[in-house]
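The values are calculated or read from the model by the stated rules, or taken from the named source; none is laboratory data. Just so you know, these numbers come straight off a predicted model, no measurement behind them. Note that we place each Cβ from the backbone using ideal geometry, even for glycine, and neighbour counts take in every protein chain shown.
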Amino acid sequence: MRVAFFVSLDYICYMQLQFSFIIPVYNRPDEIEELLQSFKDLETTLGYEIVIVEDGSTIPCKDIIEKYEAELEIAYYFKSNSGPGDSRNYGMQKARGNYYIVLDSDCILPRHYLTEVVKGLEDDYVDCFGGPDAAHHSFSNLQKAINFSMTSFITTGGIRGNKNSIGKFQPRSFNMGISKKAFEITKGFGRVHPGEDPDLSIRLWKAGFKTKLIPEAHVYHKRRISWSKFYTQVNKFGMVRPILNAWHPQTRKITYWFPSVFCLGVLASVILSFFNVIWPLCFVLGYYLVALILAMIQTKNIVVAFQALMAITIQFYGYGLGFLKATIAIGLFNRKPEEAFPQLFFKVK
């Protein structure tokens, strides 16, 4: 096992990294097979274990796992459904390693993934890191379009893995590492979903831990999704942000208002165009033109580029509407988050 030398503000020490991959899964045996196949192809001499937590699935993946047990060190647990956050915590409690890497079941690892993680931690050790997500060449046009919308700097500001993103990096749970020490002190993920990953990042900062991006440690994030599911997802993202702002007021940013302001601006520009005030609409069209060009450059596919415009529109509208709804409910009417939005909270049994 490789020994990683790292420096912190308080001390200098040696640490033997023992990795445990934590993967919650719910009714997705096909995803687990693709992910386990990518583990077989990892280029690494390090030992590691894979902890798969079946979160009350009615379509279990145990048969798939049995096919790989001879080649990979896998621990499999079945528990009642309590959401991805609690399932990740359960997996970390069962894991034998001292550094946990949390993945979503719809991810595929590139060959160099673990090598880049180790290199990033050796260069500058932190107790929590995150890596970007990318689109594999085998993904559908829809998946590639949504990936562009979710990762482009002009839509999300690079918060999901851009080297030039501003401020502290908040790792996302589709590709996130956390030390055993940090997990034990913070107790891991909360019950809110989505939003459990930025909540954990903020609590880690409060506890004195550092987070960072390892840009080379990317995963291919498949996102088996439709337009309607994508809207539901980003709408929940929007609703969660005011909840996080209420829990952690120091993390509020004006940029979180951008999707809501953009949607209101589009509506206003259309209305103004009927009164021969055209420049606001030209600004909106200019933004979409820039997005189209960037999407074409990145994806090298004109069909994907136009679908990316649809994805951007759904993302802004879904997030913006959810953000406004939650801001009014929590900020204006002082409703408790769990009472106002029970669908965002899992019951831990």
Name the one entry in THR251, THR232, THR211, THR299 that is buried (at least 18 other Cβ atoms within 10 Å of the Cβ) and outside the structural domain of LYS325 (by TED's automatic domain parsing). THR211
Which numbered condition ALA329 fails, given (1) out of contact with any Lys or Arg (no Cβ under 9 Å at 6 or more places or on another chain); (2) at pLDDT 95 or above; (3) more than 19 Å from TYR231 (Cα to Cα); (4) surrounded by 12 or more Cβ atoms within 10 Å (Cβ to Cβ): (1)
Could you say whether any residue in the stretch 147-155 is modelled with pLDDT under 90 and over 18 Å from the mean Cα position of the chain (by Cα)? no
For the stretch 226-267, the count of residues that are of a type in the set (D, E, K, R), under 28 Å from ASN141 (Cβ atoms) and touching a residue at least 12 places away in the same chain (Cβ under 8 Å) equals 1
If a residue must be part of a loop (DSSP other than H, G, I, E, B) and closer than 16 Å to TYR90 by Cβ, how many such residues does the stretch 171-227 contain? 7
Looking at the stretch 268-292 only, could you name the residues that are among the hydrophobic types (A, V, I, L, M, F, W, C) and in contact (Cβ under 8 Å) with a residue 12 or more places away in the chain? ALA268, LEU281, PHE283, VAL284, VAL290, ALA291, LEU292
Cβ contacts < 9 Å: first residue closer than 7 Å to SER20 by Cβ and in contact (Cβ under 8 Å) with a residue 40 or more places away in the chain, restricted to the stretch 85-101; second residue buried (at least 24 other Cβ atoms within 10 Å of the Cβ) and of a type in the set (D, E, K, R), any location; separation 6+ or different chain. Result? TYR100/ARG88
In the stretch 312-342, which residues are of a type outside the set (Gly, Ala, Ser), part of a helix (DSSP H, G or I), within 13 Å of VAL240 (Cα to Cα) and in contact (Cβ under 8 Å) with a residue 40 or more places away in the chain? TYR319, LEU321, PHE323, LEU324, LYS325, THR327, ILE330, PRO337
In a loop (DSSP other than H, G, I, E, B), out of contact with any strand residue (DSSP E or B) (no Cβ under 9 Å at 6 or more places or on another chain) and surrounded by fewer than 24 Cβ atoms within 10 Å (Cβ to Cβ), is that true of ARG111? yes
